Amino acid sequence: MNKSKLILKLALLAGYLLFSGFSAYFTASSLSLNLLQGSNLWFIFALVMVVAILAGWCLTNVIRELRTKVGASRAAFTFNLAGFLVFWAFSFTTNVHYFFVEKHGYNILTKELAGAKNYIIQNTEKSNRAIDEQKSLAQDAITAQVKNNIDLFNREIQNTITGHLGFGVACKSILKSTESILLADSKMYGDNNKYEIFDDVRDSGDIGTTQSSLIEVLQKKYTGRMIEQLNKKLTVIENYYNRKKEQNAELTELLSTIDILEKQHLPAVLKDGSVNAYYTYYEQQNGNVIDKMPADFAKECVTMEGDKIKEFNIYPSKRMFDTMSVWGDIFSNRLKGMTMLQWIIIALIFDIVSFILFTLFRKD
């Protein structure tokens, strides 16, 4: 081999290593994010370079078999073509995924965080207002029922005094009715109180009382008990709806975490701009915020068509780091507002140029 040919061979090899090195780095970054949480990048890079060389080797063998007019091996051709397609598809799909994360990663992360923040603000405020309204309605309803019974009881007492009928079944019935009112929704509130206003054993001696002064004493006694038991029930209702608000408070606490991420971490991620920085930050955002969001937040992030996802209103950062999920979304046209054609073309250019250089390098 003469000197000029050797220089050409070395130049072709250097060019191939340059282009395939870039391609291998993109692939290694994608695989590192998919399989190893962003670690062991350079070890994977070395393995991918071996795969890239094997792909080029298979391609040159395919070309050699095509040029062989006599004694060409169909098996060798098929084997090498299959090997090339597998190795190339592996490289191409992961390269496009790398470009996707690099190009859209920051916007995806910030949009998801902003979406979580807006969801918390809108839903907790709205929910708290609804809780206050529900509490007020529940307390007003049961207060009205009990007060109505108190009025009935007082009228019955007056009838008893006027008619000299004695404290009897009608008065007892009103008191028992009040107990039933207070017990009616105990299961909903997790309420274990008994709400005893008239005890058949303890208060049996009151039945039949006819003396006006004693009946007035009984009136105060049982009216007081009804009010006392009503207040107990109102406290149960208050506590029930306060617990609901406390659940919202836990969600509201995430706002301080979001504020820290927005003001301290995201600017550093933007300044770094690397895929690895996106992944490192994503673990913080996902673990400290997104994983703690209600299931309804995830539902708001997608538009469904039957049982299938039609499009993403907010693209999940977790999905962004999965190669096959991203490609599935490319084919399904679910990458709303995120163009990928230019990155597919760039990935193809890297692969085509590197394979041409390797083919020329191996050419006799």
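I need every pair where a residue in region 9-29 that is more than 24 Å from Thr93 (Cβ to Cβ) has its Cβ under 8 Å from the Cβ of a residue that is among the aliphatic types (A, V, I, L, M) and not in a helix (DSSP H, G or I), sequence separation at least 6 or different chains.
Every condition considered, the pairs that remain are Lys9/Met1.
Does Leu85 count as modelled with pLDDT under 70 and either touching a His at 6+ places or on another chain (Cβ under 9 Å) or surrounded by 14 or more Cβ atoms within 10 Å (Cβ to Cβ) (or both)?
Numbers: modelled with pLDDT under 70: no; either touching a His at 6+ places or on another chain (Cβ under 9 Å) or surrounded by 14 or more Cβ atoms within 10 Å (Cβ to Cβ) (or both): yes.
Answer is no for this residue.
Out of Gln134, Gln219, which single residue is touching a residue at least 40 places away in the same chain (Cβ under 8 Å), within 18 Å of Glu238 (Cβ to Cβ) and touching a Phe, Trp or Tyr at 6+ places or on another chain (Cβ under 9 Å)?
Selected residue: Gln134, the only one of Gln134, Gln219 that is touching a residue at least 40 places away in the same chain (Cβ under 8 Å), within 18 Å of Glu238 (Cβ to Cβ) and touching a Phe, Trp or Tyr at 6+ places or on another chain (Cβ under 9 Å).
Inside region 271-339, counting only helices (runs of 4 or more DSSP H) that do not spill past its ends, which hold 1 or more residues that are exposed (fewer than 12 other Cβ atoms within 10 Å of the Cβ)?
Where helices (runs of 4 or more DSSP H) fall fully within region 271-339 and carry at least 1 residues being exposed (fewer than 12 other Cβ atoms within 10 Å of the Cβ), they are 275-288, 295-300, 323-331.
Can we say Leu41 is within 17 Å of Tyr98 (Cα to Cα), at pLDDT below 70 and surrounded by 14 or more Cβ atoms within 10 Å (Cβ to Cβ)?
Criteria met by Leu41.
Can Asn123 be described as modelled with pLDDT under 75, within 26 Å of Val302 (Cα to Cα) and either in contact with a strand residue (DSSP E or B) (Cβ under 7 Å, 6 or more places away or on another chain) or part of a helix (DSSP H, G or I) (or both)?
no
Any idea which residue in region 223-236 is surrounded by the most Cβ atoms within 10 Å (Cβ to Cβ), counting only those that are over 46 Å from the mean Cα position of the chain (by Cα) and not β-branched (Val, Ile, Thr)? Quick ask: steps written out before the conclusion?
Here is the first cut: in region 223-236, the residues over 46 Å from the mean Cα position of the chain (by Cα) are 223-227.
Remaining after also requiring not β-branched (Val, Ile, Thr): 224-226.
Details: Gly224: 11, Arg225: 18, Met226: 23.
Once the filter is applied, the top-ranked residue is Met226.
If the Cβ limit is 7 Å and pairs must be 6+ apart or interchain, which residue in region 235-263 that is in contact (Cβ under 8 Å) with a residue 60 or more places away in the chain and farther than 19 Å from Lys126 by Cα pairs with which residue that is surrounded by 14 or more Cβ atoms within 10 Å (Cβ to Cβ) and among the charged types (D, E, K, R)?
Ile237/Lys135; Ile258/Lys117
Please specify each residue of region 184-222 satisfying the condition of being surrounded by fewer than 11 Cβ atoms within 10 Å (Cβ to Cβ) and of a type in the set (A, V, I, L, M).
Of everything in region 184-222, those that are surrounded by fewer than 11 Cβ atoms within 10 Å (Cβ to Cβ) and of a type in the set (A, V, I, L, M) turn out to be Met188, Val201.
Within region 142-161, does at least one residue satisfy the condition of being touching a residue at least 12 places away in the same chain (Cβ under 8 Å), in a helix (DSSP H, G or I) and within 30 Å of Gly287 (Cα to Cα)?
no
Please verify whether region 237-250 includes one or more residues that are under 18 Å from Lys147 (Cα atoms), within 47 Å of the chain's Cα centre (by Cα), of a type outside the set (Asp, Glu) and surrounded by 18 or more Cβ atoms within 10 Å (Cβ to Cβ).
Looking through region 237-250, at least one residue is under 18 Å from Lys147 (Cα atoms), within 47 Å of the chain's Cα centre (by Cα), of a type outside the set (Asp, Glu) and surrounded by 18 or more Cβ atoms within 10 Å (Cβ to Cβ).
Hey, can you tell me all the residues within region 189-218 that are assigned to a helix (DSSP H, G or I) and more than 28 Å from Ala138 (Cβ to Cβ)?
Ser204, Gly205, Asp206, Ser212, Ser213, Leu214, Ile215, Glu216, Val217, Leu218
Collect the residues in region 84-138 that are of a type outside the set (Val, Ile, Thr) and within 30 Å of Val62 (Cα to Cα), keeping them in residue-number order.
Phe84, Leu85, Phe87, Trp88, Ala89, Phe90, Ser91, Phe92, Asn95, His97, Tyr98, Phe99
Could you check region 257-270 and list, in sequence order, the residues that are of a type in the set (Asp, Glu) and exposed (fewer than 14 other Cβ atoms within 10 Å of the Cβ)?
Asp259
Look at region 162-183 and say how many of its residues are surrounded by fewer than 14 Cβ atoms within 10 Å (Cβ to Cβ) and part of a loop (DSSP other than H, G, I, E, B).
Result for region 162-183: 1.
Residue-by-condition table, conditions (1) modelled with pLDDT of 90 or more; (2) in contact with a Gly (Cβ under 8 Å, 6 or more places away or on another chain); (3) of a type outside the set (Lys, Arg):
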site	(1), (2), (3)
Asn193	yes, no, yes
Glu196	yes, no, yes
Asp200	no, no, yes
Asp203	no, no, yes
Gly208	no, yes, yes
Leu214	no, no, yes
Gln219	no, no, yes
Met226	yes, no, yes
Asn231	yes, no, yes
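Which one is farthest from Ser91 (Cα to Cα), of the residues in region 300-322 that are among the polar types (S, T, N, Q) and in contact with a Phe, Trp or Tyr (Cβ under 9 Å, 6 or more places away or on another chain)?
Of everything passing the filter in region 300-322, Thr303 is farthest from Ser91 (Cα to Cα).
The values are calculated or read from the model by the stated rules, or taken from the named source; none is laboratory data. Treat the numbers as computed from the prediction; the structure is a model and nothing was measured. Cβ sites come from the backbone with ideal geometry, for glycine too, and all protein chains shown count toward neighbours.
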